[in-house]
Amino acid sequence: MQYGTRTDFFGDYADIYAKAPYNDFTEEVAKSLPELLSFYGADTRSFLDLGCGTGTLLIALTGRFGRLAGVDQSADMLRHAEAAALRAGTRIDFTRSDLREFRSEQSHSLVTCTYNTLNYLTDPGDLRRAAETLRAATEADGLVVLDAHPTRFVERAWAGRVFVEQNTPDRLEVWENPYDAGSGRVDTTVTVVSRTADGRFERVHEVHPQRGHDPEEVTDALVEAGFTTVDTYAGLDRSPVEENTPRVWYVAR
Ligand SMILES: C[S@@+](CC[C@H](N)C(=O)[O-])C[C@H]1O[C@@H](n2cnc3c(N)ncnc32)[C@H](O)[C@@H]1O
């Protein structure tokens, strides 16, 4: 039997992502974000989440913003996001687009791109293109909040390693992380075998290309795109970035 590998990511895997405990991280972000926004005096007119996935952050912050919008490259993730918004009784304007190219006539007072979505940008020039999208999507006095794993974290925690997640009698999820030191890319393969309702097993297999982005690179891209202030933190509690900070947060305006 031949197994095909999907060339897109968060395709078939979207069904697993939507059910798995991945929401926990984003729920925590939703709890901490309001305090950060009030520290920066952010306006609540309109909120856009780039790489919104299954819509968890937008739905969790419903009621705090006048308008909500989400963008993702994955039709499968957006299908889950739309269903979740419907269940929550929330109106969100979802668009399927690559965030490196996304443009809209609407701009927003808050734009986020979180849970290492930026690490999925692996080509030279991608950060600059993402920063240009962020600048175009953010109102002149608006705020941007992002996170990304730095190179050091990717090399230390992922490169060459294999992880087995959610290993239950009904599911085995294996993440393999081959590392190319030249490009800094980790072309992660995700393989999930899960038991179906009728007792068979189904297999999902995708490649998730990722790479680390360092604070200087992200900050330079944001400044070149026109943001005047970029603050970096180790967490949404505004703790300082240290040598081994695993996830760097950026607040730009
Ligand atoms: C790790 S998930 C995070 C999803 C969501 N932000 C959350 O907190 O649950 C990364 C998301 O980024 C999306 N993504 C990755 N690269 C993208 C790109 N170039 N344009 C738009 N979406 C992208 C993926 O489809 C996926 O939904």
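Any read-out appearing in this document is the output of simple, stated calculations on the displayed coordinates, not a laboratory observation. Owing to the predicted nature of the structure, the values given are computational and were not obtained by experimental measurement. No Cβ is skipped: glycine too gets one built from the backbone with ideal geometry, and neighbour counts run over all protein chains shown.
What residue among 166, 236, 138 has its Cα farthest toward the positive end of the dipole of the chain, where the charges are +1 on Lys, Arg and -1 on Asp, Glu, each on the Cβ? Working it through, the farthest residue towards the positive pole turns out to be 166.
Here is the P(r) of the chain: all C-alpha pair distances, binned every 10 Å from 0, give 7, 30, 37, 20, 5, 0 in whole percents.
Each part reduced to its alpha carbon centroid, the stretch 8-77 and the stretch 102-155 end up 14 Å apart. Of the chymotrypsin sites (Phe, Trp or Tyr not before Pro) found in the stretch 3-56, those that fall in a DSSP loop while having at most 11 other beta-carbon atoms within 10 Å are 3.
Averaging the sequence gap over all C-alpha pairs within less than 8 Å and six or more residues apart, then dividing by the number of residues, gives the chain a relative contact order of 19 percent. 3J(HN,Hα) along the stretch 187-201, derived from phi through the Karplus expression 6.51 cos²θ - 1.76 cosθ + 1.60 where θ = phi - 60°, amounts to 8, 5, 9, 10, 10, 10, 10, 10, 7, 8, 4, 9, x, 7, 10 Hz, with x in place of Gly and Pro. Derived scalar couplings between HN and Hα for the stretch 12-28 equal 4, 5, 4, 5, 6, 4, 5, 9, 6, x, 5, 4, 4, 4, 5, 4, 5 Hz in order, rounded to whole Hz, by the Karplus curve 6.51 cos²θ - 1.76 cosθ + 1.60 (θ = phi - 60°), x for Gly and Pro. Listed from fewest to most Cβ neighbours within 10 Å, the set 216, 27, 206, 242 follows the order 242, 216, 27, 206. Under the classification rounded if a/c is under 1.5, otherwise prolate if a/b is larger than b/c and oblate if not, where does the stretch 61-146 fall, given a ≥ b ≥ c as square roots of the Cα gyration tensor eigenvalues? Oblate, since a/c reaches 1.5 and b/c is not below a/b. Counting other Cβ atoms within 10 Å as a rough exposure proxy, the listed residues 164, 190, 111 run 164, 190, 111 from fewest neighbours to most. Along the stretch 139-153 the Karplus relation, 6.51 cos²θ - 1.76 cosθ + 1.60 evaluated at θ = phi - 60°, assigns HN-Hα couplings of 4, 3, 9, x, 10, 10, 10, 9, 9, 7, 6, x, 4, 4, 5 Hz to successive residues, with x for each Gly and Pro. If both residues of a DSSP beta bridge must be in the stretch 98-227, then about 85% of such bridges are antiparallel. Annotation: the stretch 153-210 has a Kirkwood hydrodynamic radius of 12.3 angstrom, from the mean reciprocal C-alpha pair distance.
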